[in-house]
């Protein structure tokens with residue numbers, strides 16, 4: 001092997017190592033920041049066959065080896081009855097990892113295709129059906145945590161979908177109670193960028209199973225939002241990063257939600273207030289430098305009064 005080839009291979013090895021460390025670091029930070037996993041938890045990792053859930057399982061297995069706490073992992077796949085679904089792929093893969101798993105077979109595909117008119121988006125109904133089944137399976141498996149593979153862009157896309165089409169400020173939280181109140185849903189990859197998961201899937205050679213239901217539709221509003229964010233990321237470096245970081249720095253007194261802040265009780269006290277009204281000031285947005293997501297927790301602490 002000549003020198004240039006050796007250097008190229010060494011560079012590739014270093015990049016792969018950096019990617020692996022970055023994913024584990026960001027996932028570990030998210031888990032720590034939001035208290036996602038505790039000692040004795042049984043975590044049901046929802047595995048769809050896509051790059052995100054494969055990456056999540058891989059990272060959680062690595063973090064479990066290093067964690068100072070003990071928790072169990074069980075992988076679960078919902079076989080929704082898609083025509084041509086390769087039923088052997090996930091069982092074979094999970095057996096190769098020696099990971100406990102359960103395949104739940106429920107023909108939600110036929111239900112969705114029957115109920116949703118041709119050309120209409122199927123995500124909402126498909127999601128509701130899938131969620132109810134996964135809650136039931138979590139109970140049957142004794143899992144108290146349900147891990148989903150949503151990444152940073154998923155969270156941002158959901159934020160803009162709610163902003164543009166539902167008229168509210170809401171996104172995918174990294175941790176929340178399930179609809180039935182019996183489990184806690186966690187998103188360990190909340191800080192991870194999608195492009196890193198794509199690169200990681202290529203490095204690890206995950207046996208990707210494409211979605212031929214919701215993911216195959218071209219008229220999804222989520223795809224439009226994804227395209228918008230991708231365009232912003234190219235044209236305005238740092239903008240997407242700032243938007244994501246802003247989700248962790250909410251100032252309720254400077255919005256309009258009366259359920260979050262008691263505006264009626266606001267009165268002049270004669271005492272200067274940190275973060276008070278700046279209505280007469282010209283905002284200097286240039287002073288708000290892009291803060292890497294890895295510094296999110298530190299930034300939040302620094303914003304709190306000492």
(request) Identify the single condition in (1) free of Cβ contacts under 8 Å to residues at least 12 places away in the same chain; (2) within 25 Å of residue 164 (Cβ to Cβ); (3) part of a helix (DSSP H, G or I) that residue 264 does not satisfy, given that it satisfies every other one. (result) (2)
(request) Could you tell me whether residue 81 is at positive phi, surrounded by 15 or more Cβ atoms within 10 Å (Cβ to Cβ) and over 19 Å from the mean Cα position of the chain (by Cα)? (result) yes
(message) Given the criteria without any contact (Cβ under 8 Å) to a residue 12 or more places away in the chain, surrounded by 10 or more Cβ atoms within 10 Å (Cβ to Cβ) and either assigned to a helix (DSSP H, G or I) or out of contact with any helix residue (DSSP H, G or I) (no Cβ under 8 Å at 6 or more places or on another chain) (or both), does residue 7 qualify?
(response) yes
(request) Go through 210, 188 for me and flag whichever is closer than 26 Å to residue 91 by Cβ and modelled with pLDDT under 95. (result) 210
(message) For residue 265, only one of the following conditions fails: (1) exposed (fewer than 10 other Cβ atoms within 10 Å of the Cβ); (2) closer than 21 Å to residue 169 by Cβ; (3) modelled with pLDDT of 90 or more. What is its number?
(response) (2)
(request) Enumerate the helices (runs of 4 or more DSSP H) found wholly within the range 19-117, keeping only those where 2 or more residues are in contact with a helix residue (DSSP H, G or I) (Cβ under 7 Å, 6 or more places away or on another chain) and farther than 18 Å from residue 142 by Cβ. (result) 51-66, 108-115
(request) Could you please find all residues in the range 174-209 being free of Cβ contacts under 8 Å to residues at least 24 places away in the same chain and either under 16 Å from the mean Cα position of the chain (by Cα) or under 23 Å from residue 134 (Cα atoms) (or both)? (result) 176, 177, 181, 195
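Residue by residue, here is whether (1) surrounded by 16 or more Cβ atoms within 10 Å (Cβ to Cβ); (2) under 27 Å from residue 161 (Cα atoms); (3) modelled with pLDDT of 85 or more holds:
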position	(1), (2), (3)
60	yes, no, yes
66	no, no, yes
74	yes, no, yes
89	no, no, yes
108	yes, yes, no
119	no, yes, no
125	yes, yes, no
136	no, no, yes
(message) Of the conditions (1) over 16 Å from residue 159 (Cβ atoms); (2) under 18 Å from the mean Cα position of the chain (by Cα); (3) modelled with pLDDT of 85 or more, residue 215 satisfies every one except a single condition; which number is it?
(response) (3)
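The values are calculated or read from the model by the stated rules, or taken from the named source; none is laboratory data. Quantities reported herein were computed from a predicted structural model and do not represent experimental measurements. Because the Cβ atoms are built from the backbone with ideal geometry, glycine has one as well, and the counts that use them run over all protein chains shown.
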